[in-house]
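Everything on this sheet refers to the single structure shown next.
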Amino acid sequence: MKYLDEYRDPAATARLAWAIQAVVRHPWNIMEVCGGQTHTILKSGLEDLLPREIALLHGPGCPVCVTPAGTIDQALAIAGRRGVIFCSFGDMLRVPGSSRSLFDAKASGADVRVVYSPLDAVKIARANPERQVVFFAVGFETTAPANAAAVSVAAREGLDNFSILVAHVLVPPAMEAILQSPDCHVHAFLAAGHVCTVMGYREYEPLAARYRVPIVVTGFEPLDLLEGIYMAVVQLESGRAEVENQYARSVRRDGNQPAKECLAEVFEIVERQWRGIGAIPASGLGLREPYRRFDAAARFGCPPASACENAVCLAGSVLQGRLKPFDCPAFGNRCTPESPLGAPMVSSEGACAAYYRYGNRQHV
């Protein structure tokens, strides 16, 4: 295939749906890890094409969604400091902390700016040497290399007025945490193709072997997802549990070596809190010793805060695939994109936002 439309071809989609129907014999729960995959599934109505035996579970692969309220409160405390320019991707501005969001802080006069790259924040720091410029470094392994590069540039140029608030999380530890849960019902995973483009998929191989669960690295178009589901079902029905690569046009087993080297130079692996899930060991990134002077939390004396999540919001269960968004009593009434109770209703990759936008597609 050469063009994007070919990955959305209705005839090819129908053929793959029939192929899945032909091989499935048992009921299986398959979790897509990435929120971008969730949105494609809902937007394209892929669940409606699958046989009754296949249930799709939506996983924690939305970095905005899993950023805990305490980290948002930490960002708010820094953004409220005099002389600070707080830079962030736009989807973080409306994520609720314990009582308000960065959008509320901006409306109250804080200098909160939307940027499209961490290097934009570096440029702002370069142009405003009298101000402290902080970038909110949120994301999975996909966005971490760019943030590592921004810190490297700041170190090389001696930009002492630049720092980052690190909230990076890693995908494989979250998958393992789900598999270790006593009420786990996941039989196979569709791994996130963009994460594996950076990191490769060697690190998934021990998970597949240890927990006897197929993992298929999958892209984001309708045909990608249906082919990934087909590959997972073939493994499940044959009793295999391996890592396979559906997204071969982008992913290699060893990933992007220069990007991984940049990550290893700037970051180290640390424990990280996940919204609605809790602390997961070795599931995040923090700055290594040579770069800790660029740690905004340390610079402003704002350690990670513990904050209560909204008791009505069931985002934690949604992020672990235990509930569908429409199972939450607040979905679509008390919780909407305009007035969200939880991050999955805010993010462009959030499962709740996908169900709200594309319709309440209960799999029947």
With a cut-off of 8 Å between alpha carbons and a minimum separation of six or more residues, what is the relative contact order of the chain in percent? 24 percent
Order 13-22, 218-227, 149-158, 341-350 from most to least packed using the mean count of other Cβ atoms within 10 Å. 341-350, 218-227, 149-158, 13-22
With everything on Cα atoms, drop me the angle between helix 144-157 and the longest principal axis of the chain, reported from 0 to 90° to the nearest 10. 20 degrees
Nearest 10 degrees, 0 to 90: what angle lies between the long axis of helix 35-44 and the longest principal axis of the chain (Cα atoms)? 50 degrees
To the nearest µm²/s, what D does Stokes-Einstein give for the range 117-204 at 20 °C and 1.002 mPa s, using the Kirkwood radius over alpha carbon pairs as Rh? 142 µm²/s
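Any chance you could count the Lys pairs in the chain whose alpha carbons are under 25 Å apart, treating pairs 8 or more apart or on different chains as valid?
Qualifying lysine pairs in the chain: 4.
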Please report the relative contact order for the range 57-168, taking Cα pairs under 8 Å with a sequence separation of at least 6, and give it as a percent rounded to a whole number. 27 percent
Between beta-carbons, use under 15 Å as the cut-off and find the net charge around Ala330, counting Lys and Arg +1, Asp and Glu -1. -1
Which net charge results for the neighbourhood of Val23, defined as the other residues with beta-carbon distances under 12 angstrom from its beta-carbon, given Lys and Arg at +1 and Asp and Glu at -1? -1
Enter the Cα centre distance for the pair the range 172-197 and the range 1-59, rounded to the nearest angstrom. 18 Å
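Could you work out the per residue convex hull volume over the alpha carbons of the range 52-200, in cubic angstrom?
On the way: hull volume 20.5 nm³, N = 149.
Cα convex hull per residue, to the nearest whole number: 137 Å³.
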In Å², what does the accessible area per residue of the chain work out to with a 1.4 Å probe? 42 Å²
Chymotrypsin sites (Phe, Trp or Tyr not before Pro) restricted to DSSP loop in the range 48-105 with at most 12 other C-beta within 10 Å: none
With everything on Cα atoms, drop me the angle between helix 69-79 and the longest principal axis of the chain, reported from 0 to 90° to the nearest 10. 30 degrees
Please compute the Kirkwood hydrodynamic radius of the range 219-364 from all pairs of different C-alpha atoms, in Å with one decimal. 19.0 Å
Ignoring ligands, DNA and RNA, what percent of the 1.4 Å accessible area of the chain is carbon and sulfur? 52 percent
Under the Cβ-under-4.7 Å rule, which cysteines of the chain stay unpaired? Cys34, Cys87, Cys184, Cys196, Cys262, Cys302, Cys308, Cys313, Cys328, Cys335, Cys352
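At a temperature of 37 °C and a viscosity of 0.692 mPa s, determine how fast the chain diffuses translationally according to Stokes-Einstein, using the Kirkwood radius over alpha-carbon pairs as Rh; express D in µm²/s, rounded to the nearest whole number.
156 µm²/s
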Whole number please: convex hull volume per residue of the Cα set in the range 47-91, in Å³? 90 Å³
So what's the net charge close to Ala282: Lys and Arg +1, Asp and Glu -1, counting the other residues with Cβ under 14 Å from its Cβ? -4
Convert 25 °C to kelvin, take the viscosity as 0.890 mPa s, use the Kirkwood radius over C-alpha pairs of the range 305-363 as Rh, and evaluate the Stokes-Einstein diffusion coefficient in µm²/s, rounded to a whole number. 214 µm²/s
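The values are calculated or read from the model by the stated rules, or taken from the named source; none is laboratory data. Predicted, not measured: the structure shown is a model, and the values here were computed from it. Methodologically, a virtual Cβ is constructed for each residue, glycine included, from the backbone with ideal geometry; neighbour enumeration extends over all protein chains shown. Just so you know, the surface numbers come from the protein's heavy atoms only, side chains and all, with ligands and any DNA or RNA stripped out. Shrake-Rupley method; radii C 1.70, N 1.55, O 1.52, S 1.80 Å.
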